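Undergrad: Before I ask anything, let me first share the structure, which is written out below as structure tokens.
The values are calculated or read from the model by the stated rules, or taken from the named source; none is laboratory data. None of the values given here were measured: they were computed from a predicted structure. Cβ sites come from the backbone with ideal geometry, for glycine too, and all protein chains shown count toward neighbours. Side chains included, ligands, DNA and RNA excluded: accessible areas come from the protein's heavy atoms. Shrake-Rupley method; radii C 1.70, N 1.55, O 1.52, S 1.80 Å.
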There are 2 protein chains.
Amino acid sequence: MKTRSILLNERPQGLPTDNTFKFKEEELPGLQEGQVLLKSLYISVDPYMRGRMSDAKSYVPPYKLHEPIMGGVVAEVIESHNAQLPQGTVVLGNLPWQTYSISDGKGLMSINPDLAPLSYHLGILGMPGLTAYCGLLIICVPKPGETVVVSGAAGAVGTVVGQIAKLKGCRVIGIAGSDDKINYLKEELGFDEAINYKSTPNIQNALAAACPNGVDVYFDNVGGEISDAVYSLLNNFARIAVCGQISLYNATSPPMGPRVEPILLKTKSLMKGFIVSDYADRFGEAAAELAGWLQEGKLQYEETIVEGFDQLPHAFLGLFKGENIGKQLVKVAEYSGS
Amino acid sequence: MKTRSILLNERPQGLPTDNTFKFKEEELPGLQEGQVLLKSLYISVDPYMRGRMSDAKSYVPPYKLHEPIMGGVVAEVIESHNAQLPQGTVVLGNLPWQTYSISDGKGLMSINPDLAPLSYHLGILGMPGLTAYCGLLIICVPKPGETVVVSGAAGAVGTVVGQIAKLKGCRVIGIAGSDDKINYLKEELGFDEAINYKSTPNIQNALAAACPNGVDVYFDNVGGEISDAVYSLLNNFARIAVCGQISLYNATSPPMGPRVEPILLKTKSLMKGFIVSDYADRFGEAAAELAGWLQEGKLQYEETIVEGFDQLPHAFLGLFKGENIGKQLVKVAEYSGS
């Protein structure tokens, strides 16, 4: 069986380019006892992967040069020497960017294909959905009537954050980067206000108008100047979940800005960085509640799916251009099952 | 009865000067029913007062121009028309910078003069001690074996923070601004290491050497570049209590620096601003434990006391020059009691 792979060709300085990646084709060996042959169906591209392309100390180890990029993949077992993962099983795992791969089954999670579309397990029922749920409800603890601001609001995490905040009775303001996204947030997801940071001349004024009672909760996926504008509106005892800093990931020197500590002191606010795995003990409860809301129609969910393994690098680069609404995925192959 | 007062003469731009203050002498009216005449014994000068001299929005209302500065005062009732506060009672209150003042007794707390020196109620048994206790134990929750860094370590709050952290089994590193302070922290208070930020050529290197296992807890009284150096050493799940930002209080434009959010994200750390009154429901427990440690000789306590009401402005300005070890106080009069 031949597989195609995408390797980390060089560590990017600043924004990744085509040269960051390299395609390779190779023959996979035969399966050994306990192994399964996987066909990749959907591959996830996520902003955090930018961090793994650098070799700076981080919460996840860096990708190795000249080896495949790894990330969230939904795959189908097409040949099995592992009794626990028979042929036809659909699994979710941290797997290489390959059309086919071999696994010993460790760390793979079986998916029930009848529960929801398979791709949802890379989004609202997977890492981004759990990130939104845990960051908002465990760190920020929004109360009815409070004002919640979400940056990166039209992304895989932000769309879920805003909808959960609405379910909790909050006023929700989203910040995103196109009029299509703004309309989507307001018309489809029920956000109270949404601000296009690219076309709004003064974000701080626009935010102040959208948040007449100040800001109690800020769920930050973006960082930088958008955050500075939000900070100026913080109420006493505000809570800030630092989930992502996509505006800074490609910085080539330490990003500078107004110091936030004096504001946190003045408003007695809390700021907490996190990664979803910090809350692994809450995943069961979180996934059950998310699935329930989804089935009851209380959560809307959108994906941007491009087709073809070759599109992976461009889909990833598109994250930094703000091209996606909701979860960005690449569909690699059809599921053979029904 | 004549009293002398110190008024806020003008709002300072940057560092306060002599011209910030104005002395005044006036005749106090006779007491009405329910009122007491107070003789100020000890008056506290504290960094947070700088904030009240500006009229920017803050957690405490600004001082009014041409009215007396207010702050922590230990005073003696020398004449009473209030049965609950008989003559001879010693009280702690938020009172004007005056040699004598009239109060209706509201907000005054009676002090037992046998428990500890009267001045301690403005320090280790008062606001600074409670600030240290609550900020460290409620926000930072230090665990045995962890590394705790304290900035402004030789001040009224920092000295207590470091000693409590030692009582909790932590490695404690203090940052302060003179060799006298450094020696005091290490020799008298049992800090494991102390760094003179004024004479150390590279604070970051010195801190790295003093914290071979990284930093788990940072209790920040100072802010600015000292904090930047600490942040570079944060371990995963570090906790930062933002108690003060004295290095920035006199800034005339918003202070800039490296953004801290990417570091909080990478290390999954928590940062929380606070003011001691946020934890008023814990004061009873905190004061009892502090008093117990003091009586058992487990806490050392130092004051810098200057004598004379006229010294108040200079004692306050000295805070920003780093002149004090421990709590800075002004002794205004002798206690008449035994």
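Undergrad: Just to check your reading of the model, which residue among B:D46, B:D104 is within 30 Å of B:G322 (Cα to Cα) and of a type in the set (D, E)?
TA: Only one candidate qualifies: B:D46.
Undergrad: To continue, here is another question. Give me the residue from segment A:307-316 that is out of contact with any helix residue (DSSP H, G or I) (no Cβ under 8 Å at 6 or more places or on another chain) and not in a loop (DSSP other than H, G, I, E, B) and, out of that set, most open to solvent (accessible area, probe 1.4 Å).
TA: Once the filter is applied, the top-ranked residue is A:E307.
Every residue, every condition in (1) over 30 Å from A:I138 (Cβ atoms); (2) free of Cβ contacts under 8 Å to residues at least 24 places away in the same chain, yes or no:
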{"position": "B:A229", "(1), (2)": "yes, no"}
{"position": "B:P254", "(1), (2)": "yes, yes"}
{"position": "B:R282", "(1), (2)": "no, no"}
{"position": "B:A288", "(1), (2)": "yes, yes"}
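Undergrad: Still on this model: Can we say A:G135 is surrounded by fewer than 21 Cβ atoms within 10 Å (Cβ to Cβ), at pLDDT 95 or above and within 14 Å of chain B (Cβ to nearest Cβ)?
TA: Criteria not met by A:G135.
Undergrad: Does A:S54 meet the test of being open to solvent by 30 Å² or more (accessible area, probe 1.4 Å), away from chain B (no Cβ under 14 Å) and of a type in the set (G, A, S)?
TA: Answer is no for this residue.
Undergrad: Moving to a separate point now. Check off (1) crowded, with 17+ Cβ neighbours inside 10 Å; (2) part of a loop (DSSP other than H, G, I, E, B) for A:G297 and give me the number that stays unchecked.
TA: Every condition holds for A:G297 apart from (1).
Undergrad: Go through segment B:60-74 and report how many residues are among the hydrophobic types (A, V, I, L, M, F, W, C) and closer than 14 Å to B:S5 by Cβ.
TA: Residues that pass the stated criteria total 4.
Undergrad: Scan segment B:193-207 and tell me whether some residue there is within 14 Å of another protein chain (Cβ to nearest Cβ), surrounded by fewer than 22 Cβ atoms within 10 Å (Cβ to Cβ) and either over 18 Å from B:N324 (Cβ atoms) or at pLDDT below 95 (or both).
TA: yes
Undergrad: Additional query: Quick one: would you say A:V45 is closer than 27 Å to A:G284 by Cα, surrounded by 18 or more Cβ atoms within 10 Å (Cβ to Cβ) and more than 18 Å from the chain's Cα centre (by Cα)?
TA: Against the criterion (closer than 27 Å to A:G284 by Cα, surrounded by 18 or more Cβ atoms within 10 Å (Cβ to Cβ) and more than 18 Å from the chain's Cα centre (by Cα)), A:V45 does not qualify.
Listed here are the residues, each with its yes/no results for (1) in the same structural domain as A:I275 (by TED's automatic domain parsing); (2) polar (S, T, N, Q); (3) over 30 Å from B:N236 (Cβ atoms).
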| site | (1), (2), (3) |
| --- | --- |
| A:L8 | no, no, no |
| A:K22 | no, no, yes |
| A:L28 | no, no, yes |
| A:S40 | no, yes, yes |
| A:Y63 | no, no, no |
| A:G72 | no, no, no |
| A:A75 | no, no, yes |
| A:S103 | no, yes, no |
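Undergrad: Then there's this: Looking at segment A:116-135, can you tell me whether even one residue there is of a type in the set (S, T, N, Q) and more than 26 Å from A:E225 (Cα to Cα)?
TA: Yes, segment A:116-135 contains at least one residue that is of a type in the set (S, T, N, Q) and more than 26 Å from A:E225 (Cα to Cα).
Undergrad: Which of the following residues is within 14 Å of chain B (Cβ to nearest Cβ) and over 22 Å from A:H121 (Cα atoms): A:P61, A:P47?
TA: It is A:P61.
Undergrad: Let me ask you something else. Hey, does segment B:3-14 have a residue that's open to solvent by 60 Å² or more (accessible area, probe 1.4 Å), at pLDDT 95 or above and of a type in the set (A, V, I, L, M, F, W, C)?
TA: Taking every residue of segment B:3-14 in turn, none turns out to be open to solvent by 60 Å² or more (accessible area, probe 1.4 Å), at pLDDT 95 or above and of a type in the set (A, V, I, L, M, F, W, C).
Undergrad: Looking only at segment B:237-287, count every residue that is part of a strand (DSSP E or B), open to solvent by 10 Å² or more (accessible area, probe 1.4 Å) and more than 7 Å from every other protein chain (Cβ to nearest Cβ) and tell me the total.
TA: Residues meeting the conditions: 2.
Undergrad: Report, ordered by the first and then the second residue, all pairs with beta carbons closer than 8 Å, sequence separation of six or more or different chains, a first member in segment A:178-201 that is assigned by TED's automatic domain parsing to the domain that holds A:V157 and acidic (D, E), and a second member that is open to solvent by 70 Å² or more (accessible area, probe 1.4 Å) and assigned to a loop (DSSP other than H, G, I, E, B).
TA: A:D179/A:S199; A:E188/A:Q300; A:E188/A:E302
Undergrad: Within segment A:317-338, how many residues are in contact with a helix residue (DSSP H, G or I) (Cβ under 9 Å, 6 or more places away or on another chain) and basic (K, R)?
TA: So the answer is 2.
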